[in-house]
Each structure stands twice: as structure tokens, then as C-alpha cells.
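What follows is one structure encoded as C-alpha cells, with my remarks underneath.
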Amino acid sequence: MQQRFGQLTTTDGNSLAYASIGAGRPLVYVSGWLSHLQLSWELPEERTFYESLAQGCRLVRYDRAGCGLSAPSTRPPSMAYELDQLAAVAANLGPEPFDLIGTSMGALVAVAWAAAHPDTVRRMVLYGGWVSGASISPPSVREHVLGLVESHWGLGSDVLTEIFAPDVGATARGKFGRYQRACSTAATARALLAMSYELDVSDLLAQVRTPTLVVHRAHDRAAPVEQAAALADGIAGAQLTVLPGRSHLPYAGDADALVATVRRFLGLRAARRGARTLTARQSEVAALISDGCTNRELAARLGIDERSAEGHVERIRLRLGFHSRAQIAAWYAARRDRPDSAE
């Protein structure tokens, strides 16, 4: 899939970037804290997650003001401004109701939108959300994290990555830490994070009439699962699904289980997954990985540059649904040792 980019204008004249992939009924995605439409597409785990969601529908994402490809704004973050930005996206979709998914802080924005605009949303999914930001961590912890983000954005982003994605390897966590820092300035990151702690939708839940799925990971380190239960209890008829795992980021950990749960609720067919087979060239690379070759050694053995070798490894990892070179090595070794193996 390839992203299609566009620009929208909010009521205060701010330029808002959006991207869409796939075709069919719109599924509007309200992200959590920070986003970057282009850089997120370059993170293999995140791109795979979005492509899996978009099969059979049109997934629409946007960067909120001050993040990613969207222009900064002099207007401070608030729920009212979040809804203005979502309104600009919704106005671009046409008159038919759309599906809505809100992740993390975006779940609260989705709740507020569905309460205020019930006729615009067909079905709603809330992942990793909460009812009250004041309930997700003690005041001392919130102040410490906010201070860290403000005074040392590099260290602050690394600390938050450890909280958001404990199930991914060190290399992937490093990439995501750098990605967060590229999404916004430290000042914007702190302002948005502070807003996430201040938001409270407890008075809005009873107003939601949209069929709703609340999905959460059992040991989410950023948002207690009790908050997911509170969301589901407050919305009439809402379904609650608790999945195993610790990662707050939807595309970290067992993303396939999350995608399957969401697609089933939205009435979409199960996402297609690539067969766990490799091309001849990829099998050659996997064999070298199994022998313990680094990317530099791969490049030398194959007569290619190191960047191309890294690309081969990444494509193999994605094709097999793995998170590390060690998994590739173990998989290849197991196949090689099988009596019926063609490797």
C-alpha cells in the first residue's frame, strides 16, 4: 500500500496534514500523544499495523497541530481544539457515517466526538484509553515525567518508550525514541502530555450511543486496565476485550491479535498475512543470519552494500512476523534441521 497525502485547514486557519491508505468505508484513526505520518510509515512494525487495518477499508490518519507534517499552532492543546481538528478530517470524508478508532489519548477524543456527533460514527473502537487522566498515574510520577520531557527531551522520550513498548527489542525501542523526538518539539510534547493527564470524559460516556468496542492489554504499563473497564461500563452496550501483553503502543507486542479483534468488530474480513516462506535470495540471507553474520558481513558475502543487507534482514523479519535476528536464525535452523526441509 502507498499513502496518499493531503492538507486540511482547521477553523483557526491552521494547516493539518492527513494521509489515507486502502479503499472503501473510511476508518478514521485518532492517534495517541505524538505522530508523524511519514516517519511512522518508515517504522516496519507501525506500517504493518496500519496496512493490516486498512485491508478492505480506507484508513485515514492525521497529525495533530504541532506534530509531524502539520503546522504548529499558537492555540494551546485542549479537547475543544482536538475536536476542531477531527471535524476538519470528518468534513473531508463525505456524508456517510465512518468508523472511528481512538488509541491512547485519542480514545478520549473519540469518545467526545461520538458523544457530540452520534450520527457521524457507525462503529467506534477505543484502544489503550482511560476515563480520567488523573487516574493513570500518581501526581508525583506525572510531574516527574513532564519535567523530564521539558528539560531533557532525549532522556524523556527514552523513558516513555520503555513504558510504552516494553515488549520490543532494544533496537526497536531506540528507533521509536528517535521517532518521538522527530514528531515534535519538547515544548509541544510536554503540552500534549500534560493535556492527556488533564482530560476527563466521565461526564460524556453516558451520551455515547455508538456501538463501541473497548480493547486493552492486560498489563498495559501506561494505562491501567481498570480504566478500560470503566470506559466500557460507562458506555451503554460497549464490549470489553482484554488481550495479553504489556505494550501500550498498538503495533508493539502481539499486534496481530489486536488487528484481528478490531477488524472482527468492524465487520471486516480477517487480514491477509504473508506466507511464512522466503524467496531464494531471502533464504540465502537467512542462512547467513543463522550462521551469525552481521549486516557488514552479509554485505561482504553477498557483494552488496551494508544498507541493502539491512533492508534484506528487515524484509525477512516482516515477512515472517518476527521481532529480532535471533528469531530469524532460530526459524531457519529449525527448518534446515527438518528431514523434509527444502532449504
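Remarks
- Of the residues Ala309, Asn295, Ala333, the one whose Cα sits farthest toward the positive end of the charge dipole of segment 280-337, with +1 on the Cβ of Lys and Arg and -1 on the Cβ of Asp and Glu, is Ala333.
- Other residues lying with their Cβ under 15 Å from the Cβ of Arg142 contribute a combined charge of -2, Lys and Arg counting +1, Asp and Glu -1.
- Dipole orientation for segment 84-166: of the candidates Gly147, Phe98, Phe164, Phe98 has the Cα lying most toward the positive pole (charges on Cβ; Lys, Arg +1; Asp, Glu -1).
- Note on the chain: antiparallel DSSP beta bridges, both residues inside, total approximately 35 percent of the bridges counted.
- DSSP loop trypsin sites (Lys or Arg not before Pro) with at most 11 other Cβ within 10 Å excluded, longest remaining stretch of the chain: 1-268
- For segment 280-337, the fraction of alpha-carbon pairs in successive 10 Å shells from zero, as %: 26, 61, 13, 0
- Between helix 255-266 and the chain: long-axis angle, C-alpha atoms, 0 to 90°, nearest 10: 50 degrees
- Tilt relative to the chain, helix 325-337 - C-alpha long axis, 0 to 90 degrees, to 10: 40 degrees
- With each label modelled as a point 7 angstrom along the Cα→C-beta vector, the Ser202-Ser140 pair spans 2.3 nm.
- Separation of the Gln38 and Gln2 label points, Cα + 7 Å toward Cβ, nm: 1.6 nm
- For segment 4-266, with +1 on Lys and Arg beta carbons and -1 on Asp and Glu, the positive-most of Ser73, Gln239, Thr9 along the dipole: Thr9
- Counting neighbouring Cβ atoms within 10 Å and putting the fewest first, the residues Thr103, Thr294 line up as Thr294, Thr103.
- Amide hydrogen neighbours beyond the local backbone of Val125, cut-off 5 Å, H modeled: Leu100, Ile101, Gly102, Leu213
- Antiparallel bridges, percent of DSSP beta bridges restricted to segment 9-164 (to nearest 5): 30 percent
- Debye-sum result for the chain in log10 I(q)/I(0), which assumes one identical scatterer on each alpha carbon, at q = 0.08 Å⁻¹: -0.40
Readers should treat all values here as calculations from the given coordinates under stated rules, not as data from a laboratory. Here the structure is a predicted model, which means the values were calculated and not measured. In this analysis, Cβ positions are derived from the backbone assuming ideal geometry, glycine residues included, and neighbour counts consider all displayed protein chains.
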